[in-house]
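These notes are about the structure you will find just below.
Nothing in this text is a laboratory measurement; each read-out follows from the coordinates by a stated rule. Keep in mind it's a predicted model, so treat the numbers as computed, not measured. All Cβ positions, glycine included, derive from the backbone under ideal geometry; neighbour counts span all protein chains shown.
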Amino acid sequence: MKDEVIKYSEEMTSGESAVLQELRAHCYAHYEDSAMLSGFFQGRVLSMLSHMIKPKVVLEIGTYLGYSALCLAEGLADGGKVITLDIQEDSNRVAREFVAKTEFNDRIEFLLGPATDLIPNLNETFDLVFIDADKPNYSNYYNLVFDKVRPGGFIIADNVLWSGKVIEAEKDENTQALHDFNKRVLADDRVANVLLSIRDGLMVVRKK
């Protein structure tokens, strides 16, 4: 879409909390990889989806600075929680500091370590899983969480358009992994899915 249309869409979208505004500003000011942040519009989409689903347990794979975890926490059912996984101690420390400023401090659980090691040891049933981590492992994460997602639950994966590279003939490792993931989801008769062309692409999957 044209930049003007994107700007208009954002202007016509409900605002984020003061802490999320502060976190976004902190990220853009101090991190060269700030594109990893979900950002305002996608954050509002994640919050809206969470409000619609009203999850009791959310699993997030890839915490970064905690922005998306906070957005997903906004729609939690009473007594619900977000479990968020990451391997980076420095960014995780920042995420914890910002989460501590919010009402969700006791509803977001941080776990450090490789997600492929952590997920098998999580004895939870997930209503919603958000995948936003290393791209070559997307299909692995999908397989690891699938049986832990309740029937009718959702898996959302970020960056599935990868700046449009997924439609190019020549694909690097990350692009090929995302293209393979997209095809895998589409071919999985256990689910229904829609690929939303929001920001860098959100794959929304419903387990039948």
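In terms of packing, defined here as the mean over residues of other Cβ atoms within 10 angstrom, the peptides 66-75, 29-38 line up highest first as 66-75, 29-38.
Multiply the residue separation of THR13 and ILE167 by 0.36 nm, subtract the distance between their alpha-carbon atoms, and state the gained length in nm to one decimal.
Working: separation 154, 0.36 × 154 = 55.44 nm, distance 2.96 nm.
Fully extending the segment from THR13 to ILE167 adds 52.5 nm.
Mean sequence separation of contacting Cα pairs (under 8 Å, at least six apart), scaled by the length of segment 85-190, corresponds to a relative contact order of 24 percent. Here the relative contact order of the chain, from alpha carbon pairs under 8 Å that lie six or more residues apart, stands at 16 percent. Put a plus charge on the Cβ of each Lys and Arg, a minus charge on the Cβ of each Asp and Glu, and nothing anywhere else: the dipole of segment 51-160 about its Cα centre is then about 240 debye. Structural size metrics of segment 1-147, computed from C-alpha coordinates, are Rg and Dmax of 15.1, 46 Å.
Which pairs in the list LYS2/LYS207; LYS171/LYS208; LYS81/LYS207 are over 28 Å apart, alpha-carbon to alpha-carbon? Before the final figure, lay out the partial values.
Details: LYS2/LYS207 34 Å; LYS171/LYS208 31 Å; LYS81/LYS207 20 Å.
Pairs exceeding the cut-off: LYS2/LYS207; LYS171/LYS208.
The alpha-carbon of LYS56 sits under 12 angstrom from the alpha-carbons of these aspartates and glutamates, leaving out residues fewer than 8 places away in its chain: GLU74, ASP78, GLU124, ASP127.
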